[in-house]
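Below: the structure, in structure tokens.
The values are calculated or read from the model by the stated rules, or taken from the named source; none is laboratory data. What you see is a predicted model, and the numbers here were worked out from it, not measured in a lab. Here the Cβ positions follow ideal geometry from the backbone for every residue, glycine too, while neighbour counts run over all protein chains shown. Accessible surface areas use protein heavy atoms only, side chains included; no ligands, DNA or RNA. Shrake-Rupley method; radii C 1.70, N 1.55, O 1.52, S 1.80 Å.
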Amino acid sequence: LRAIVCGDPTSVEQKPCLAIVAAGRLFIVDAGTGAASSLTRRNIPMDRLGAVLLTDADMPQVADLAAVYNAAARNGDTLLPVYGPAETQRLVDGLNQAGGFDGAANGMQAWGPSPEPGRSVIVFEADGLVVSAFTTQEDAFSGRVAYRFDYRGRSIVVGGDGQVAGASAARDADVVLQNATSERNATLDGPATAAHIATQASASNTGLVVLTGADTPIAAQMQVAEARATGFNDVQAARVGMMVELPLDNMEINVRPL
């Protein structure tokens with residue numbers, strides 16, 4: 001079970017995009033700027049893309065969605081599921097219209113799992129891999145969705161801008177990848193602070209937290225320092241090209257460049 005941080009490698013800003021690979025399948029969580037070219041450049045087989053999963057339907061999460069479809073489509077009959085909040089339908093309809101697709105035999109097809117707080121919804125299940133969507137009480141109001149990948153005893157949770165590290169659906173996860181902010185930049189409706197995420201992760205028995213979304217390397221270092229100051233030391237900052245790998249024959253968590 002692997003997670004790959006993708007995005008524009010020429011930018012220091014971490015655009016939202018994560019690729020999850022398991023059971024011979026590829027999923028992309030959020031399609032930020034440079035998602036398609038980043039994965040293609042690293043020889044990730046885009047024709048194995050099973051679905052795009054959106055944590056939010058705002059521009060940062062969907063900027064490269066059309067390019068992702070074009071990279072994945074092997075012929076004009078390719079149909080790509082796109083899961084996400086309610087706004088995903090309107091977004092996908094617009095992209096299909098612009099691309100000349102019908103959304104039934106070709107193009108993208110929107111699905112809204114609509115999870116309720118405390119109750120996950122399975123969006124994919126095959127060959128031992130289970131992908132489920134969930135939300136929290138705080139995120140349900142803003143329409144944010146998070147995703148958990150379970151494969152043969154290993155697990156990865158991707159939270160986007162949500163408040164997911166302490167959610168029941170994230171408990172005992174090997175890895176939680178979540179956007180964070182520092183104490184000085186915290187807002188009521190923005191991402192959780194790095195310290196808050198670390199505190200929740202510790203209580204939820206998380207193996208490793210990977211903080212995503214820092215604008216600069218300095219901001220990333222600051223977030224990691226704030227998180228570790230809580231006493232939870234298994235924290236790293238995401239960077240484009242990072243791969244988190246969970247072996248199936250042991251409980252190790254390996255982090256390396258792809």
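Miscellaneous remarks
- DSSP beta bridge pairing in region 155-254, given as percent antiparallel to the nearest 5: 5 percent
- Using the Cβ-Cβ distance between GLU87 and GLN137 with R0 set to 35 Å, the FRET efficiency from 1/(1 + (r/R0)^6) comes to roughly 0.95.
- Charge-dipole axis of region 112-253 as Lys and Arg at +1 and Asp and Glu at -1 on Cβ define it, positive-most pick from THR181, ALA203, VAL240: THR181
- Label-to-label distance for ASP189 and ALA23 is 3.7 nm, based on points extended 7 Å past Cα in the beta-carbon direction.
- Bridge type composition, the chain - antiparallel percent by DSSP, nearest 5: 60 percent
- Per residue, the chain exposes an accessible area of 44 Å² to a 1.4 Å probe, with every protein chain left in place.
- In the chain, helical runs assigned H by DSSP with n ≥ 4 each contribute -39500 (n - 2.57); averaged across all residues and rounded to the nearest 500, the mean residue ellipticity at 222 nm is -6500 deg cm²/dmol.
- Between ILE122, GLY100, GLN137, the Cα set farthest toward the positive side of the dipole of region 76-150 (charges on each charged residue's Cβ, about the Cα centre) is that of GLN137.
- Label selected from (1) 12.6; (2) 13.9; (3) 11.8, the criterion being mean projected area of the Cα convex hull in nm² as computed here: (1)
- Global dimensions of region 123-258 from alpha-carbon coordinates: Rg and Dmax equal 14.3, 45 Å.
- The accessible surface of the chain, taken with every protein chain in place and a 1.4 Å probe, is 48 percent carbon and sulfur.
- Once C-alpha pairs closer than 8 Å and six or more residues apart are averaged by separation and normalised to the residue number of region 16-118, the relative contact order reads 23 percent.
- The dipole here belongs to the chain: it is taken about the Cα centre, uses +1 on the Cβ of Lys and Arg and -1 on the Cβ of Asp and Glu, and is about 520 debye.
- With an a/c value of 1.5 or above and a/b not larger than b/c for the gyration tensor axes a ≥ b ≥ c computed over the alpha-carbon atoms, region 1-65 is described as oblate.
- Acute angle (nearest 10 degrees) that the helix 194-203 long axis makes with the longest principal axis of the chain, alpha-carbon atoms: 80 degrees
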